[in-house]
Structures are given as C-alpha cells and as structure tokens.
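Enquirer: Pasting a structure here, questions to come.
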C-alpha cells in the first residue's frame, strides 16, 4: 500500500473515531453542565485536569513503543518487537501500582489545595481514588495503543474507543437522570477503561498472532532504548499537560470552581479542534519513522508539504469558522448567557489554535525521525512560562488573563520555534516551506472569513440550520479556492482521480 493510501486510510479512521467522540461530547456537555450546575461541573473539570496530569505516568513509553513497533514491523523483526512491547508493559504496570499506592495522599492534598469542605471534599477525595485506578489501567493500556499505532491499525483503536464512548455517554445520562452524581460518573469511567483494555488485548491476539505479551520477557537493553527515546517525549507531554490542564488549577485556586466552567466551554471547543488536528498528525509519525529508516530527507519533506497543506485547509476552516461565528454557535449550544461570558475567551483561544494546529505535523516529523530532544526542552520551558504568566495575569485580568498567557507562549512556540526546528531536522528551506503552504492558502482563508461574516450580516445565524447552511456555502467556495490556489498540479490530479473513482462507485 502506498504512503498516501496508508495515510488516507488512517486519517479517515481517526476522523470517524475522534469525530464520533466529539459529537458525543457536543451532545452530552450541555446536559452535564445544566444537570450538575456550574460548581459541580467545575469540580468534574478539576478531576479531569488531575487525570490529565496522571496520564503523564505513561512517561512517553507508548510513543517509544509506537516508534519501535513501526520500525521492527517494517523489518519483520518480531523478536525485537516483542521485547519492546513486554518491556514497555513491565514499566507501566509498575508505574500503575505505584500510583494506586500514593493515591490517598494525592486525594488529601487536592482537597486541602482547593479548600473543598464537608460533603464536597469527601466526594472529591473518593473521586480521586477512583481516578487513580482508572489512570493505572489507562497507562498500562497505552502499550497496546502504542502497538496499534506502530502497526498502523488505527481503525481498531477508533472502533473500540468510539463503541465504549457511546456506552459511557449513555451510562452518564442514565446515572444523572436517576439522581446519581459525580461518584457514579467516576465509576462509569473506570469500567469504561477496563472494557477498552480487554477489547484491545483480545483483538491484538487475533490480528497479530506473532505478538507475545509477557512482562517477564522484558529486556534491560530494550528498557534503556525506550527510556532514551521516551524521556524527551515525556518532557513534551508534561509541557502539553501544563498548558492544557494547569489553567483549571489556576482558575480554581484564584477564582472559583464555577469560573472553571466558563473557561471550559471555549477551551473544550479548542480541544475538539486540536483532537481533529492530532487525528491527522498521529498517522504521520510511523510514516515518517519508516521514511527515516528507508528513504531520504527529500521524501520526508515532500510528505511534509502535502501534509501541511491538508492541515492548513482543515485548521483554517475550523478556526476561522469559530472566529467568525463562534458567539452564535455557543448561544445555540449552551445558551445566550454563556455566549456573552465566553466571547472574548473564544477569540483569544482560537487565534492561538489557528497558529498551533498546522504545526502539530512538524512535531510528528521530529518524533518520527527521533529529533524531538530540543523541541521537548523548548516546549517545557514555554509551558512553565505559560503557568507563571497565568498566575500573574489571572489576579488582575481574570479569565481573559489566563487565555492571553496561553496565547503568548503557544503562538511563540508553534509559530516560530517549531517550524525552525523541523526545517533544521530535515535540512529543508523554511522560506520555501512557507511559500508552498501558508502563503498559497492565504487568499482562500481570507475569502472564507469574509464570506462567513457577510452571511451573518445578511441573516443572523440564530438556528443550527441557518448556521450550518451558511457554513456549508462558505466552505464550498473556500474549497474551490483552495483547489486552484493551494494545490499543485500533481495534487489536483490525485484529487481528480479520487473523485472519479468515488463517482464510479456511486453510479
């Protein structure tokens, strides 16, 4: 199978899985907020932020497993592949056991930090204990997830996650509708992760019978290789978690749990957009790893250009759409009250995402070619700066100060540092890169934004039907403009060929 077909298949699979999870979250979020209330939903967001930090206990091992599984699969070296998986499994089982042992101390510290009292404090403490078991299972399962990424079997992970996600959402709805609260949601989340682990293990035995899982077969030399690769990935993971989840802690400490809910609404939209971007970039890591092992930097650069174009088309479509009509969308989704409270936050966060989204592909190159060391240090430094700025600005400017702190650091990191590091890693021209991608997509992007604003002035998008119809009309014009201004002749031929095949299947 060609590189393009492999990438296309994996992207489609990721979009079905992640798109489905976003639809679930989109439908469920208003119900959770209005049923739990701002304070309890803020508490749930704090727990989610804490589990986000606990997920760091993966230590970057899953990314190392993905990297080496892709490599050894390409070389048909299953003995080495099994050593990687079993060593990763032993590492993460040990980490999970340690987490469960220290979870009571974590729970006590969190309750004191936020000043939760009486029944609420007891509930939070129990939730953290449940979440610790949940994350212990999650990090262990990451070895399986990393293997699936390395095998480029994204459809399995997405099918399992989406199926369990639907059941989890229905269970949340049933529990809250019948008077159960946060603890029931925690138990449901734990059971869901157990189901995911079981399903991934059973399917792996069928599709890759040469894989043998036995932590006793772990290798010390393999552990050294995994740690050598994963330590820098872990640093990047820590940086990302600081950026994404520290805001909830800062807001909860300096403002209130209810304020977290206001921030979470626009933040969750950027997170959905980020997931859609990651759905693409994740599929490129094993591809770049294979190209690094068997081909030249020129082939990597060619894939990089094509991938960046695709990232720009989608990122600009999503981000400019929200920047143009985000207030109308939140008013329909959550209510007018939240549209007013979230408007400025939405603008700042999505301007940041507009810059960051396409450059997530650059990080995939650095991972796939094992050139992510310097990136990791820069990313970690900017994440610490983000945390410090958030603490400083929240006290004077409130929620908008937290958003601005994120914007300053993330735009610098992804708008300047990341493309420079990537161009150096593959010995390519940064000027040519921007000319072939960003400069060529600019006219279509401006046209998209202007059209969306114009349609909104002609007819206020005060219903989903009007909002979606205006978005669809602007998107069609945008894609036509992209076809002629962004794509080169070879890329247009691929699009034309794919379109003809699709029509032939229909007719």
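The values are calculated or read from the model by the stated rules, or taken from the named source; none is laboratory data. Everything numeric here is computed off the predicted structure, so don't read it as measured data. Cβ sites come from the backbone with ideal geometry, for glycine too, and all protein chains shown count toward neighbours.
Enquirer: Using the structure shown, decide if residue 182 is within 23 Å of residue 90 (Cα to Cα), touching a helix residue (DSSP H, G or I) at 6+ places or on another chain (Cβ under 6 Å), buried (at least 18 other Cβ atoms within 10 Å of the Cβ) and in contact (Cβ under 8 Å) with a residue 12 or more places away in the chain.
Expert: Numbers: within 23 Å of residue 90 (Cα to Cα): no; touching a helix residue (DSSP H, G or I) at 6+ places or on another chain (Cβ under 6 Å): yes; buried (at least 18 other Cβ atoms within 10 Å of the Cβ): yes; in contact (Cβ under 8 Å) with a residue 12 or more places away in the chain: yes.
Taking the combined requirement at face value, the residue does not satisfy it.
Enquirer: For the range 417-427, state whether one or more residues are assigned to a helix (DSSP H, G or I), closer than 22 Å to residue 323 by Cβ and without any contact (Cβ under 8 Å) to a residue 60 or more places away in the chain.
Expert: For the range 417-427, residues assigned to a helix (DSSP H, G or I), closer than 22 Å to residue 323 by Cβ and without any contact (Cβ under 8 Å) to a residue 60 or more places away in the chain: present.
Enquirer: Taking residue 379 and the conditions (1) in a helix (DSSP H, G or I); (2) over 19 Å from the mean Cα position of the chain (by Cα); (3) in contact (Cβ under 8 Å) with a residue 60 or more places away in the chain, which numbered condition does it fall short on, given that it satisfies the others?
Expert: Tallying (1) in a helix (DSSP H, G or I); (2) over 19 Å from the mean Cα position of the chain (by Cα); (3) in contact (Cβ under 8 Å) with a residue 60 or more places away in the chain, residue 379 fails exactly one: (2).
Enquirer: Only helices (runs of 4 or more DSSP H) wholly contained in the range 438-507 count here; list those with 2 or more residues that are touching a helix residue (DSSP H, G or I) at 6+ places or on another chain (Cβ under 8 Å) and without any contact (Cβ under 8 Å) to a residue 24 or more places away in the chain.
Expert: Numbers: elements: 438-458, 464-485, 489-506.
Passing ranges, in order: 464-485, 489-506.
To keep it simple, each residue is scored yes or no on (1) touching a residue at least 24 places away in the same chain (Cβ under 8 Å); (2) over 28 Å from residue 255 (Cβ atoms); (3) surrounded by fewer than 18 Cβ atoms within 10 Å (Cβ to Cβ).
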site	(1), (2), (3)
41	yes, no, no
49	yes, no, no
68	yes, yes, no
73	yes, yes, no
77	no, yes, yes
83	yes, yes, no
88	yes, yes, no
109	no, no, yes
127	yes, no, no
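Enquirer: If you check 373, 309, 356, which single one turns out to be surrounded by fewer than 18 Cβ atoms within 10 Å (Cβ to Cβ), touching a residue at least 60 places away in the same chain (Cβ under 8 Å), within 21 Å of the chain's Cα centre (by Cα) and in the same structural domain as residue 237 (by TED's automatic domain parsing)? Walk me through it before giving the result.
Expert: Numbers: 309 fails: surrounded by fewer than 18 Cβ atoms within 10 Å (Cβ to Cβ); 356 fails: surrounded by fewer than 18 Cβ atoms within 10 Å (Cβ to Cβ).
Answer to the check: 373.
Enquirer: Select from the range 196-226 the residues that are surrounded by 15 or more Cβ atoms within 10 Å (Cβ to Cβ) and in a helix (DSSP H, G or I) and list them in ascending order.
Expert: If the condition is that a residue be surrounded by 15 or more Cβ atoms within 10 Å (Cβ to Cβ) and in a helix (DSSP H, G or I), then 196, 197, 199, 200, 203, 204, 215, 217, 222, 223, 225, 226 are the ones that fit.
Enquirer: Related question: Could you give every pair whose Cβ atoms fall below 6 Å, whose first residue belongs to the range 16-34 and is closer than 18 Å to residue 336 by Cα, and whose second residue is outside any helix (DSSP H, G or I), counting only separations of at least 6 or pairs across chains?
Expert: Cβ pairs passing all conditions: 30/334.
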